[in-house]
Amino acid sequence: MSKVRIYALAKELGVETAKMLEILDSLGVQYKSSSSTLDEETVEAIKTILADSSSKAEDAAPEDSSVNASATQEAAPEPVAATPPVASNPTPAPQPSAAQSATAGEERTLAAQPAAVTTTATELPHRAPVVTIMGHVDHGKTSLLDYIRKTKVAAKEAGGITQHVGAFEAKTSRGKVVFIDTPGHEAFTTIRARGANVADIAIIVIAADDSVMPQTREAIAHAKAANVPIIVAINKIDLAQANVDKVKQDIIPLDLVPEEFGGETIVVGVSARSGEGVEDLLEMISLVAEIADLRADPKAALKGVVIESRVDKQMGVLANIIVQEGTVHVGDFLVVGEKYGKIKALTNSVGDRIKDAGPSTPVQILGFSEAPTAGDTVTSAKNEHQARELVAGRTQDRRDVEEARKGRRLSLDDILGA
Ligand code: GDP
Ligand code: MG
């Protein structure tokens, strides 16, 4: 057997990549990223551990895989799986998540990137990754999104009246992925400029016949500034003049060193025209998401971001938001900046009217009387009274700041004029 990449082995053995990395940590195996290769001996060791732990798990506690069954515990001699008295654990094995992921994260580039490597919230449910597609004009951002939308949104749904909610949910073999379908930097940067990081992963699309262009650099700079993990999709590989190798060389000076050159940047060749490579791209997105261990609390106070909003002549104000934490319900009072509204209707990305929506769900909201600003944070209020008070407070704060500024400017003018 030849060398095998970590994520490939994880897939083969049916465990999460993050768990595989924990096992490697517990074995003291050095690796650079989840695409590092493992030698045969290590692979055998892992298989033994997994076979061992699964036979133990069978006569141990019920299924409680994700949280408690960490690799360190499984590598330990006792079947400590989900049983409470951890203190009696004879081995000085490191405690699961917190401390461990903090240190391991330093070598684990993918995981080290966003704040998503949570040290506290490991028991919260996973949430789908939110992905944005950026790149130079005409490199194929819209085409790629169209292809994914056409092939990865379930047929029945795609046949329905698709609502434009600023994002859509693609179903992949590894779960849901949310794509922001307002490609380009506009969406990303206006939202970012307002302090909200809406995307968990940035796909930088680079046409194989054109390579790195000014907006490619700009997009990369934005993603890096936002500390969002980057996946490079080299598009248009179907073209005769495609030069994938040139693109791979050209991104190196931008500090994106492809894995095959010993770096850590995931690069996938795709064709938005033929669909070649798109499955691999989705796989890589899921992989990066898995390692980032994205979680959110559906019961927490609501937090969301406005992606875009518009006024429809018949419907009125429509706001597209992505729920980040908590859950929105029809009837809730929402506050966005200095505007508030009561949700009259919620629509998901395939046009269904829904009653509520949890983390990583893009929805369209009907109920604001004025269009909220893209990038603004969405929170909820208990009732109309509280919503009004919140808005009034914000308006007052803004006016105070404006007054203070005016005053300053005046006195400066006075001084200069004197
Ligand atoms: P955007 O400006 O980045 O959104 O690029 P578009 O998706 O609008 O694509 C620009 C042009 O490239 C269009 O004419 C597309 O048909 C074409 N295009 C996009 N993807 C591919 C591809 O994979 N192969 C080929 N041959 N053409 C593509
Ligand atoms: Mg476009």
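The values are calculated or read from the model by the stated rules, or taken from the named source; none is laboratory data. Worth saying up front: this structure is predicted, and the values here are computed from it rather than measured. Neighbour counts run over all protein chains shown; Cβ positions are idealised from the backbone, glycine included. Heavy atoms of the whole protein, side chains included, go into the accessibility calculation; ligands, DNA and RNA do not. Shrake-Rupley method; radii C 1.70, N 1.55, O 1.52, S 1.80 Å.
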Largest to smallest accessible area among His126, His385 [probe 1.4 Å]: His385, His126
Segments 370-379, 242-251 sorted - mean Cβ within 10 Å per residue, highest first: 370-379, 242-251
Cβ-Cβ FRET estimate between Thr48 and Asp280, R0 fixed at 25 Å, reported to 0.05: 0.25
Whichever lysines have a C-alpha closer than 25 Å to that of Lys47, once near sequence neighbours (fewer than 8 apart) are set aside: Lys3, Lys11, Lys19, Lys32, Lys56
The stretch 318-418: relative contact order as a whole-number percent, Cα under 8 Å and 6+ apart: 31 percent
Tyr340, Tyr31, ranked by accessible area, largest first (probe 1.4 Å): Tyr340, Tyr31
Subset of Lys141/Lys171; Lys176/Lys303; Lys171/Lys382; Lys344/Lys382; Lys176/Lys382 violating a 22 Å alpha-carbon distance limit: Lys171/Lys382; Lys176/Lys382
Neighbour cut-off at most 16 other Cβ (10 Å), DSSP loop, trypsin sites (Lys or Arg not before Pro), the stretch 318-399: Lys355, Lys382
Qualifying lysines (Cα of each under 17 Å from Cα of Lys248; at least 8 residues distant if same chain): Lys236
Point-to-point label distance, Leu13-Glu40, nm (Cα→Cβ direction, 7 Å offset): 1.7 nm
